[in-house]
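Some notes on the structure that comes next.
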Amino acid sequence: TSTGQDGRGLELAFFLLLLAVLIGAIAGFVGLMGRSLAMTELGYPAAAISIAFALTFAVSLPLRPLIGWLSDRVGRKRLMAVCYTAGALGLLGLAVSESLWQFLLSAAIMGISYGAEAVGSALVTDLVPAPSLGLGMSLYGATAFAAGILGFAGTGHAIQGLGMTTTLILAVSLQLAAVVLLIPIRVPRRQGSALENGA
């Protein structure tokens, strides 16, 4: 149920959230493709690459309900910032990974970043008034697909032109920029919670 103020349309805070989600997700897709390409270049077998890929989502899956539960108690913006920061750390680790355990560790850390998706959908309901909630959720849902297209399409070109390490560092910058974009968002105060605006 929307807790946004009635009678108001989509506002700047919502579009800042969309932009944060977009660039954070682009960075995540850069990490997914970049890890596969980096491991292939180092001669790792397809099984190892698949395990690293699966580990990212194995970490993410049980975290989603936990993060959703926590977001009602410690603040959605704060948790999204934690998720994006974890993504930045995972990408930074990926940029220097050579051993299999390093790739697996970075994959696990990057899995935390996907919890931002669950928190973001709840934050949309806080920002968007009921009459516009259908449109707001539709735009939010489309953001991940747009990020996938941009992330996957751009990663190969970026690696070819800039190199793997530089591309991954740029992805780290995108995750940190997503955190910065969350700062000016002001969330309507929900009953029983005064944490959001300070998150």
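A few points about this structure:
- Approximating the spin labels as points 7 Å out from Cα along Cα→Cβ, the I169-to-A130 distance works out to 5.2 nm.
- Think of a 1.4 Å ball rolled over the protein heavy atoms: the chain then has 47 Å² of accessible area per residue.
- Relative to the Cα centre, the charge distribution of the stretch 1-143, modelled as +1 at Lys and Arg Cβ and -1 at Asp and Glu Cβ, gives a dipole magnitude of about 200 debye.
- Against the set (i) 1, 8, 14, 15, 13, 10, 9, 8, 7, 6, 5, 3, 1, 0; (ii) 1, 8, 16, 19, 19, 13, 9, 6, 4, 2, 0, 0; (iii) 1, 7, 16, 20, 22, 18, 10, 4, 1, 0, the structure's computed P(r) over Cα pairs in 5 Å bins from 0, in percent falls on (ii).
- Using the Cβ-Cβ distance between A46 and L19 with R0 set to 35 Å, the FRET efficiency from 1/(1 + (r/R0)^6) comes to roughly 0.50.
- With every protein chain in place, the chain: carbon and sulfur % of accessible area (1.4 Å): 70 percent
The values are calculated or read from the model by the stated rules, or taken from the named source; none is laboratory data. Owing to the predicted nature of the structure, the values given are computational and were not obtained by experimental measurement. Note: ideal-geometry Cβ built from the backbone for every residue, glycine included; neighbour counts use all protein chains shown. The area values use the complete protein model at the heavy-atom level, side chains included, leaving out ligands, DNA and RNA. Shrake-Rupley method; radii C 1.70, N 1.55, O 1.52, S 1.80 Å.
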